[in-house]
1. Taking every alpha carbon pair in the protein assembly as shown, what does the distance histogram look like in 20 angstrom bins from 0, in percent?
2. For A:S11 paired with A:K194, estimate the spin-label separation in nm (one decimal), with each label point 7 Å from Cα along the Cα-to-Cβ line.
3. So if we plug the beta-carbon distance of A:K180 and B:K332 into 1/(1 + (r/R0)^6) with R0 = 56 Å, what FRET efficiency do we get, rounded to 0.05?
4. Got a sec? Which residues in segment A:102-135 would a label at A:D167 touch, if it sits 7 Å along Cα→Cβ and we count backbone N under 12 Å?
5. In whole percent, how big is the carbon plus sulfur part of the accessible area of chain A, probe 1.4 Å, protein atoms only?
6. Find how much the distance from A:T108 to A:D45 grows on full extension, using 0.36 nm per residue of separation minus their present alpha carbon separation; answer in nm with one decimal.
7. Leaving out ligands and nucleic acids, and using a 1.4 Å probe, what accessible area per residue does segment B:129-294 come to in Å²?
8. Ignoring solvent entirely, what values of log10 I(q)/I(0) come out of the Debye formula for segment B:53-202 at 0.08, 0.11 Å⁻¹ when each Cα is a single scatterer?
Amino acid sequence: MISLFVDTALSYIRIALFKDDILLDFINEKCDKNMSSLFDVKVRDLFSRNNLSLNNVDKIYTVTGPGSFTGIRVGMTFSKVLAFSLNKKITPISELQVLASSKGVSGTLASLIDARRGYVYAGCYDSNLNSVIPDKYILLEEFLNCNKNVSYISYDSFEHISTDVPDIDFEKIILKNKDKEQVDHHVLTPNYLKLTEAEENLRKKKLDDN
Amino acid sequence: MKDTYIFAIESSCDETSASIIKNGCEEIATVISTQISTHKEYGGVVPEIASRLHINNITLVLEETLEKANMKMEDIDAIAVTYGPGLIGSLLVGVEAAKALSMIYDKPLIPVHHIAGHIYANNLVKPLKFPLIALVVSGGHTELIYMKEHYSFERIGGTLDDAIGEAYDKVARVVGVPYPGGPLVDKLAHEGEDSYSLPMPLDDDSYNFSFSGIKSAVMNLVNNERQKGNEIVKENLCCSFQNRVVGIIVKKTMKALEDYGVNNLIIAGGVSANKGLRETFKVECEKNGIDLTIPEIKYCTDNAAMIGAAAYQLYLKGRFCDIDLNAKASDKLN
């Protein structure tokens, strides 16, 4: 069984191929710009060097967020269209769980993604990638006050805390999620964890009006 | 000759659309998922919300299009997509979907300029006859284009500031008409009289347009009347505004046709649905022996059928692209 893992939620193109849950090959490249332009080229490269075609994919794992709104949509659009074409479902995965898969760190991990203006996307995971504190969009200060005695993992740097740089363990992610419920490709939507600014403003306005 | 079927995707603004077009002129099936009701709450298109709705709807639109056509992706000869101009986040969803389909089914990928799409919506009415002048009028464009043959575009003039659709939307807001305001301003204009004194927009020998002056004039007029405690007669103001802008667009377009010795005129873009514009052009073209083509109302706004029609010409020329295609928020038509 061939499985494909897709993650474009942060400034990385991460694509991994598995055969019977064993990592076959992967691409994990920093990509600050042109995610859309490079992503499909990397997919083609990965499949081609493993003598596989997209039609060989039996199972699709996709990171649905949180992270860069535009970034998430690149990998997810691809995955949704692939799943639609192959008539498959998709296993959604959190980017915060992906970060928590990091090798060389132990104990409970708090994954952090800078969401600007003092906010972070954050979640805590134990060493088996079980969620301890659910993923949320929260003020960093508030999150730190509630979550002590954890190690922080992030690509971003923050004042007052030291963070480890993630070293993603693709196999660990797939093993953790292999039995997770899959979602119909039509129904699957990104997990931004945050409304758009316009939606927040409208919501505030409606509350004020009431 | 074997028939050519193109599967086209359009997502440049607030419509997620897919279509299958045969030989560049026959619509087999088109699906348009519009977001207007969502954006209406915000008084205009919110780009991030548009992008979010595109990804939520994309596979549903693809599936419905194939079902409607009773076809499989294997029956398709090429995948076409609007790569720009438009809202970058919205474009990216369509572009990524098209690239994925191109890779999965090993089909050539055709990048289509959004305005070329609007122009080729007319090819779904009847085959384009050359040379022609194309008037593109939409929320983002007001341009006069000379085409001596298929997929050859020479811009001979255009707006120096606001697009005609922008001016309509602004006037709609000022007179208190809800989004999307353009069609309602057009409707009100037909119920009113040209009673307000508004300046004629840029009326020179060029093929250029300027609508910022008349837009400001409408705003000032409304403010002044309100300060005096006078009620604005919306219908009359819309009629006065529409008469000025349609008047100058028709005048400059007819001048371009005469100067270039061209007898074929096509009108394209969202504002080509404007009743005032359609009616005036019909009368003027009939008077001057000009062969006028205007898309059906359903092809005036954004849709993938027009992208498939334009893509066919690129297909014939073998103008394909690789899967490193990127979306472009702005790009010249050439």
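The values are calculated or read from the model by the stated rules, or taken from the named source; none is laboratory data. Just so we're clear, the structure is a prediction, and the values are computed from it rather than from any experiment. No Cβ is skipped: glycine too gets one built from the backbone with ideal geometry, and neighbour counts run over all protein chains shown. These area figures cover heavy atoms from the full protein model, side chains too; ligands, DNA and RNA do not enter into them. Shrake-Rupley method; radii C 1.70, N 1.55, O 1.52, S 1.80 Å.
1. 21, 46, 27, 6, 0
2. Using points 7 Å along Cα→Cβ, the separation is 1.6 nm.
3. Rounded to the nearest 0.05, the efficiency is 0.75.
4. Taking a point 7 Å out along Cα→Cβ of A:D167, the residues of segment A:102-135 whose backbone N falls under 12 Å are A:102-106.
5. Roughly 45 percent, rounded to a whole number.
6. Stretched fully, the A:T108-A:D45 segment lengthens by 19.1 nm.
7. 43 Å²
8. Log10 I(q)/I(0), no solvent term: -0.35, -0.64.
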